[in-house]
Amino acid sequence: MFKKYLYFFLLILFSNYVHAQGLEVTGTLSADNLTITGTIQGGTYSGTLSNGTLNTITSIGTLSSLTVTGLVNAGSVSGTITTIAQPNITSIGTLATLTVTGLVNAGTISGTLITAAQTNITSLGTQTALTVTGLVNAGTVSATITTANQPNITTLGGLSAITVSGQVTAGTFSGTNYINVQSLVSIQILAGAGNYTVPAGVYTIEVEVLGGGGGGGGVNAVITASNTFMGGGGGAGGYANKRILVSPGQIIGYSVGAAGTGGTGIGGSGGNSSFSDPAGTITANGGVGGAAATVATTVAIFNGGSGGSVTGATVAITGGTGGAGMRFSGTLGYSGYGANSIYGVGGASRVTISNVGTVGVDGTGFGSGGSGSAGEGAGGGAISRAGGNGTVGTIIVREFR
């Protein structure tokens, strides 16, 4: 037996080459080459494995630690990387899933976050751009929407306040004091006939259109003794109001109704006022003139003119009817008063004056009627007294930006 071990010792000592089916060493074994066809069991191995040997290593067992200075090429790597920063990992390839319990710091992250992960995102930092194809549910969103039209925004929920510096186009506005949604820039009062041009920065106008007032009725007749005459009052012009969406530089035609003149017969009717809203012309018709006074010997009524009607407006108010002239006796009566308008006061009623008569009183302001004339023919003879004149209509344009 001793000779057998001595033979192996000498073989190792002089050739540094070992080829064995089994080898048991209790100390240190140093060799240039070592070929083992069986199993190597040991505490520590130090050295470089040949390529042929490396290709046959299919399992290393359980490692407490592994240090690799070169490339690790593997189908699956499972474990914990202990060093916090990994500057040399520049690509991970295509991952089916990735779970990160700490912080992810990246230039670009592309993919879909699972619902469970999204609830933990409390801040995204400063975003230069964000594209969301689904729903954005947030307590507060503060930013500027760059695209002018947002056709997909169909509801904003309950807003406590909203500030719009440009134009708001809507079918219906509902709320309190909606007129204050936009600020009033100026007020234009139009007269005669012509074109109104929308000023720069104005996108909404509120238009008031008032027809001319009718003239009072009068008399032109031969009056016998103890007869009286009382003309009817003129009617007021109709009133229209409407808000219109416009564009700066837009040109809109208009016409303001003339005043009805008081007559010695039937009073003249006031002229119609109109504003050519692109959606349909707004028209406020003038008031009708009062009835003429005729000779009467019994109680008689001389009707006042009717008020002007309105078309094409959101708010349409028919003008007031002029007062009727009344004859009570050969010495007592009064003429019809002119109807008041929204912006004017009609002429006051007149009473009889023996043997002379009085003309009607003109209306004041805009769109009001003149009163009828009145008188008594105590001495008889021809007499001519005109009713009061109505007043011109108006168009008022309030401009909002």
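Here are some notes:
- Selection status of G305, closer than 23 Å to G192 by Cβ and at pLDDT 95 or above: no
- Residues (surrounded by fewer than 22 Cβ atoms within 10 Å (Cβ to Cβ), among the hydroxyl-bearing types (S, T, Y) and either free of Cβ contacts under 8 Å to residues at least 40 places away in the same chain or not in a strand (DSSP E or B) (or both)) located in region 312-348: T314, T318, S329, T331
- Looking only at residues in region 293-302 that are surrounded by fewer than 24 Cβ atoms within 10 Å (Cβ to Cβ) and in a loop (DSSP other than H, G, I, E, B), the one that is modelled with the lowest pLDDT is V295.
The values are calculated or read from the model by the stated rules, or taken from the named source; none is laboratory data. Everything numeric here is computed off the predicted structure, so don't read it as measured data. Glycine gets a Cβ as well: all are built from the backbone with ideal geometry, and neighbour counts include every protein chain shown.
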